[in-house]
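Structure, as structure tokens:
The values are calculated or read from the model by the stated rules, or taken from the named source; none is laboratory data. Fair warning: this is a prediction, and the values are worked out from it, not measured in the lab. Here the Cβ positions follow ideal geometry from the backbone for every residue, glycine too, while neighbour counts run over all protein chains shown.
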Amino acid sequence: MSSQSPDYQLHDGEQDAAVLALSGDWTQGQHPARFNSVEPELARRHLAQLTTDGAALGDWDSMLMGFLLQCHDYCRAQKIEFNTRNMPHGIEQLLAVATAVPARRADAPKTESWLAFLSPGTLVRDLWGDLQESLAFTGEVTVALTRLVRGKANTRFTDFRNFCYQAGPEAFAIISLTSVLVGMILAYLGAVQLRQFGAEIFVANLVVIGTLREMGVLMTAVVMAGRTGAAYAAQLGTMQTNEEIDAITTMGISPVEFLVLPRMLALIIIMPLLTIYANLLGIVGGGIVAGGMGISPIQYFQQGESALDFSHVAVGLIKAVVFATLIAVAGCRAGINSGRSSAAVGQAATNAVVTAIVYLIVADAGINILFQQLGI
Amino acid sequence: MTADTPTPYIEIRDVTMAYGSNVIQRDLNFTIHQGDIFVIMGGSGCGKSTLLKHMLGLIPPSSGDILYEGTSFFQSGAAEQGAMRQDWGITYQSGGLFSAMTLAENITLPLELYTSYTPAEITDIVAYKLALVGLAGYQSYYPSEISGGMQKRAALARAIALDPKILFFDEPSAGLDPISSRLLDELIVQIKESMGATVVMVTHELPSIFAIATNSVYLDNITRTMIAYGNPADLRDHSPQPVVRQFLTRSAAAATLDQP
């Protein structure tokens, strides 16, 4: 089958009329002329009537229809009478369908450049918006909590129990892995430096204090933000998409009491427990590295015990409660305020993790400064 | 409930709906009487579902008011709003069933919250409500484990759990085959008649509209207000608005294609 290359010719007729004769195969791969190359020729002629002639047309597909539609729209805009003749079967019908509803006037294109995210204004506005939303959300949660304390809240214990299980026992494996490794890293870093002074034994102090006060709880919180915070955002976002949150509201139940409180309380109960577990494993991990450097387990634990102080444990546990609250607020807020599409749910999950981690780091720094000032 | 002198039951007063500065519908004024099967109709994108969200109190309208038995919903306090909502049963467009709960748990939830039945009694009521919608024995299924038509019926079972006075439906037969959708229509009429409820329904399924609706309002895309109010069969034959007659007779006219 031979194919003819597509072409057009513009013949002038009488009295401002013209004929646009199309020929050849207007199909995929033939690269026929585009309308914007024809347009100047039409504009020069000040036409009152344009007829497209398809007598010499070969094969055609949507390429031709796109071209004809542009001709039609151009003629309509310029108030030129537009006709077709000798067109292959179907073209006129397709054209009639395509032009039945006039095109909507396009909105002004969005001028925002893709580098806009770099602009400090946008950044500040986004952060400020997030912060405002979080504050409003915290207010709602506080109201719901007072109702819970007064025994008026619609919070189901079975939900709370399920969330405890999801946040706690199911997270054991990943918490075990990260906390042992972080303990080992701490010990290794310290040992290399302390060896220069012949003070390897103090690795135990470093690991115990570092893990209890800082690394144990922080690593647990980061894992929980990625694991549980994101899950909360995705669950609530999907419920928003599925009109479940509307159904809850119209049942006369507060979504915060019914959905947010059990998740938040579960995390607040579970996080300190996970932190204690992570602390123990972190110290054991440090012991493994210390053992490799010739410090016996007995020496390591004796030295570690001398560094052990209740205040270190307490600092870690206080942080655990604060971090749990922040992770739950970030996750649930992102979920409840999610849009109603699959992309929006994904965005909610991302937003939950990012905000949670920012909150964690800022809160950690704040708490450390506070406790330093208080001498704890 | 006297058919001759119906009392205004739900009143939509001067409601304007808008998303930001984009007005969807303005100056909506109509009344729904007790015992009506009232249909809100109109082309896609005319704001039918948004109007329903306003009526359900999920979003306040930009201006205007919605009154239930003479009391404004949005001016009432949280306690009164809660009390009003207990008289409503709602099925959402996408079902709105709680996906993390079984069908039995879905229906149990409102019963636990608002009634003093014992757990054993609730089990019996749940079985009865599921049987009413033809889902007897499906108590322990999750919404994702049953078909779309069954989900709609399960949502209906949850909506009638508290024997509501008003039943709201957002596109009940969307996505159902003709037979399922006819059966659902019949079910709605039967339940409505046996419970004496008022039904408010958003739909553009013509067979449903003619089969069950007693009164209706037509929201127009182009003029952005209501252009017809009355019994759908009357409107089809006698409406002065050609757009409404075209809509109700399925005339292929470009005028009914939506142009936001």
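Tabulated results
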quantity	calculated
Filter pass, B:Phe98 being of a type in the set (Phe, Trp, Tyr), under 22 Å from the mean Cα position of the chain (by Cα) and away from chain A (no Cβ under 13 Å)	no
Qualifying residue in region B:210-231 (condition: aliphatic (A, V, I, L, M), within 30 Å of B:Thr108 (Cβ to Cβ) and either at pLDDT 85 or above or buried (at least 16 other Cβ atoms within 10 Å of the Cβ) (or both))	yes
Checklist (1) within 13 Å of B:Leu97 (Cβ to Cβ); (2) surrounded by 15 or more Cβ atoms within 10 Å (Cβ to Cβ); (3) more than 14 Å from chain A (Cβ to nearest Cβ) applied to B:Leu132, failing item	(1)
Among the candidates A:Ile276, A:Ile268, A:Ile361, A:Ile318, residue that is part of a helix (DSSP H, G or I) and without any contact (Cβ under 8 Å) to a residue 24 or more places away in the chain	A:Ile361
Those residues of region B:29-73 which are within 14 Å of chain A (Cβ to nearest Cβ), aromatic (Phe, Trp, Tyr) and out of contact with any helix residue (DSSP H, G or I) (no Cβ under 9 Å at 6 or more places or on another chain), in sequence order	none
Flag if B:Thr91 is closer than 23 Å to B:Ala174 by Cα, touching a residue at least 12 places away in the same chain (Cβ under 8 Å) and within 14 Å of another protein chain (Cβ to nearest Cβ)	yes
Where a residue in region B:54-70 is under 19 Å from B:Thr31 (Cβ atoms) and its partner, wherever it lies, is assigned to a helix (DSSP H, G or I), with Cβ under 7 Å and at least six apart	B:Leu56/A:Thr250; B:Gly57/B:Gln81; B:Pro61/B:His54; B:Ile66/B:His54; B:Ile66/B:Met55; B:Tyr68/B:Met84
Complete set of residues in region A:207-228 that are surrounded by 20 or more Cβ atoms within 10 Å (Cβ to Cβ) and of a type in the set (Gly, Ala, Ser)	A:Gly210, A:Gly216, A:Ala221, A:Ala225
Qualifying residues in region A:325-376 (those that are β-branched (Val, Ile, Thr) and crowded, with 22+ Cβ neighbours inside 10 Å) - the one nearest to the chain's Cα centre (by Cα)	A:Val345
Selected residue (only one of B:Phe38, B:Phe74 is of a type in the set (A, V, I, L, M, F, W, C) and touching a Pro at 6+ places or on another chain (Cβ under 6 Å))	B:Phe74
Residue list for region A:289-315, restricted to those being more than 15 Å from A:Ile201 (Cβ to Cβ) and surrounded by fewer than 15 Cβ atoms within 10 Å (Cβ to Cβ)	A:Asp309, A:Phe310, A:Ser311, A:Ala314
Any hit, region B:21-29, residues being out of contact with any Pro (no Cβ under 8 Å at 6 or more places or on another chain), touching a residue at least 12 places away in the same chain (Cβ under 8 Å), closer than 25 Å to B:Glu193 by Cβ and among the basic types (Lys, Arg)	no
Unmet criterion (only one of (1) among the aliphatic types (A, V, I, L, M); (2) assigned to a helix (DSSP H, G or I); (3) over 21 Å from B:Ile32 (Cα atoms)) for B:Ile188	(3)
Sole residue being crowded, with 20+ Cβ neighbours inside 10 Å and either within 24 Å of A:Met224 (Cα to Cα) or outside the structural domain of A:Gly210 (by TED's automatic domain parsing) (or both), chosen from A:Ile276, A:Ile283, A:Ile268, A:Ile318	A:Ile283
Residues within region A:233-258 that are more than 16 Å from A:Ala343 (Cα to Cα) and more than 10 Å from chain B (Cβ to nearest Cβ), tallied	3
Subset of region A:36-72 [over 18 Å from A:Met87 (Cα atoms) and either in contact with an Asp or Glu (Cβ under 7 Å, 6 or more places away or on another chain) or of a type outside the set (Ser, Thr, Tyr) (or both)]	A:Asn36, A:Val38, A:Glu39, A:Pro40, A:Glu41, A:Leu42, A:Ala43, A:Arg44, A:Arg45, A:His46, A:Leu47, A:Ala48
Verdict on B:Tyr114 being modelled with pLDDT under 90, within 27 Å of B:Leu156 (Cβ to Cβ), of a type outside the set (D, E, K, R) and surrounded by 15 or more Cβ atoms within 10 Å (Cβ to Cβ)	yes
Among (1) out of contact with any Phe, Trp or Tyr (no Cβ under 9 Å at 6 or more places or on another chain); (2) modelled with pLDDT of 85 or more; (3) surrounded by 12 or more Cβ atoms within 10 Å (Cβ to Cβ) - the single one A:Gln132 does not satisfy	(3)
Hits in region B:26-53 - residues which are among the polar types (S, T, N, Q), over 16 Å from the mean Cα position of the chain (by Cα) and within 15 Å of B:Tyr229 (Cα to Cα)	B:Asn29
Out of A:Arg333, A:Arg340, sole residue that is within 25 Å of A:Leu127 (Cβ to Cβ) and assigned to a helix (DSSP H, G or I)	A:Arg333
B:Leu184 vs. criteria more than 14 Å from chain A (Cβ to nearest Cβ) and free of Cβ contacts under 8 Å to residues at least 60 places away in the same chain	yes
Hey, A:Ala153 among the aliphatic types (A, V, I, L, M) and away from chain B (no Cβ under 14 Å) or not	no
Residue match in region B:139-149 (condition: within 14 Å of chain A (Cβ to nearest Cβ), in contact with a helix residue (DSSP H, G or I) (Cβ under 7 Å, 6 or more places away or on another chain) and either closer than 29 Å to B:Met55 by Cβ or aromatic (Phe, Trp, Tyr) (or both))	yes
Number of the condition not met by B:Glu105 [criteria: (1) over 27 Å from B:Ile12 (Cα atoms); (2) touching a residue at least 40 places away in the same chain (Cβ under 8 Å)]	(2)
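The rows are residues; the columns are (1) of a type in the set (D, E, K, R); (2) in contact with a Phe, Trp or Tyr (Cβ under 9 Å, 6 or more places away or on another chain); (3) without any contact (Cβ under 8 Å) to a residue 40 or more places away in the chain; (4) more than 18 Å from A:Cys332 (Cβ to Cβ).
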position: A:Thr142; (1), (2), (3), (4): no, no, yes, no
position: A:Thr158; (1), (2), (3), (4): no, no, yes, yes
position: A:Pro169; (1), (2), (3), (4): no, no, yes, yes
position: A:Ile174; (1), (2), (3), (4): no, no, no, yes
